[in-house]
Each structure stands twice: as C-alpha cells, then as structure tokens.
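Participant: Before anything else, here's the structure in question.
The values are calculated or read from the model by the stated rules, or taken from the named source; none is laboratory data. Just so it is clear, the structure is predicted and the values come from calculations on it, not from any experiment. Here the Cβ positions follow ideal geometry from the backbone for every residue, glycine too, while neighbour counts run over all protein chains shown.
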Amino acid sequence: MADNPEPRYPDIEIYLAKAPAEALSEWLGAAIDAEPLAPAGKGKWRTRGHRAGAEIPVLLVEKAADGFASLWLDSPHTPWEHDAACARAAANQLGCEVRCSLGSWHPGDDPDRFLRVLPDGSEAEIDWPDSGQ
C-alpha cells in the first residue's frame, strides 16, 4: 500500500481486536499524556489527553463493531496525522489487530474499505463488515 500524503484528520478513530484498559491507559499516557481510562457507563471508558497545549478527549467503546472496540480521539492535536498512522502505532504498542477506515467514510457505504494492521506490521485493505476476514 503506497503512502499518500493526507491532510491531518480532525479526529482519529481506530478499532481494536483487544482493548485491555490497563495497556491502553499506559499507551495513551505515553502518547498523549492522558490520565488512566475511567468507566463512563456500560462498556464505555473516557479520559483526556494533552499535547502542545491542547486537550484531547478520548472515548473507548467496548464491542463497538464485530467484537472490536472503538477508540475515538476527538481532536486534531494527536501525534498522528490520520487514522492509519494511529492504527500502526496501536498495533505495534498493544500487540493486537487494529482496523481503521480508509479515507472518508459515510454511513451505509457498502462495502466499507478498511485498513487491517497486524502486530507484526503487516497491512491489508479489507471490506468490513462482512469481509470474512
């Protein structure tokens, strides 16, 4: 997959095959100076990170899509310019499969194109959901 220059995304969302709160809290603490994730309702966790003087709201939703957890960083001030860069960092640091949307996403798009990143660094474009992957 060729790296195309992309503008900085206004927010970041990735999907994690495994989302252990302790490991995620450690990674987010190191990456965006976030406090540990705190419960925010059934299957939801929140925290706030900080980078370059900006606040970065974070929401983790367990079992958001096909058994994957959604990690949403609602800020353009993350260390990652786009979802794919964050997915690569998460797969490497957390040792789990991570998926993210490729480019713009619109609800109801069928099939949705996603990037699947594995802990060994391998990547593939997939259709998800219903990709059989």
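Participant: Can you tell me which of (1) of a type in the set (S, T, N, Q); (2) at pLDDT 95 or above; (3) assigned to a loop (DSSP other than H, G, I, E, B) is the one residue 25 doesn't meet?
Facilitator: It fails just one condition, (3).
Participant: For the range 110-133, give me the residue count where each residue is touching a Ser or Thr at 6+ places or on another chain (Cβ under 9 Å) and at pLDDT below 65.
Facilitator: 1
Participant: Here are some conditions: (1) assigned to a loop (DSSP other than H, G, I, E, B); (2) of a type outside the set (Gly, Ala, Ser); (3) free of Cβ contacts under 8 Å to residues at least 60 places away in the same chain; (4) exposed (fewer than 13 other Cβ atoms within 10 Å of the Cβ). Residue 10 meets all but one. Which one does it not meet?
Facilitator: Result: residue 10 fails condition (3) only.
Participant: While we're on this one: Being of a type in the set (D, E, K, R) and under 21 Å from residue 128 (Cβ atoms): is that true of residue 11 here? Lay out the reasoning, then the answer.
Facilitator: Details: of a type in the set (D, E, K, R): yes; under 21 Å from residue 128 (Cβ atoms): yes.
Yes.
Participant: What are the pairs, 6+ residues apart or on separate chains, where a residue within the range 73-102 that is free of Cβ contacts under 8 Å to residues at least 60 places away in the same chain and crowded, with 20+ Cβ neighbours inside 10 Å has its Cβ under 7 Å from a residue that is of a type in the set (D, E, K, R) and in a loop (DSSP other than H, G, I, E, B)?
Facilitator: Pairs found: 91/97.
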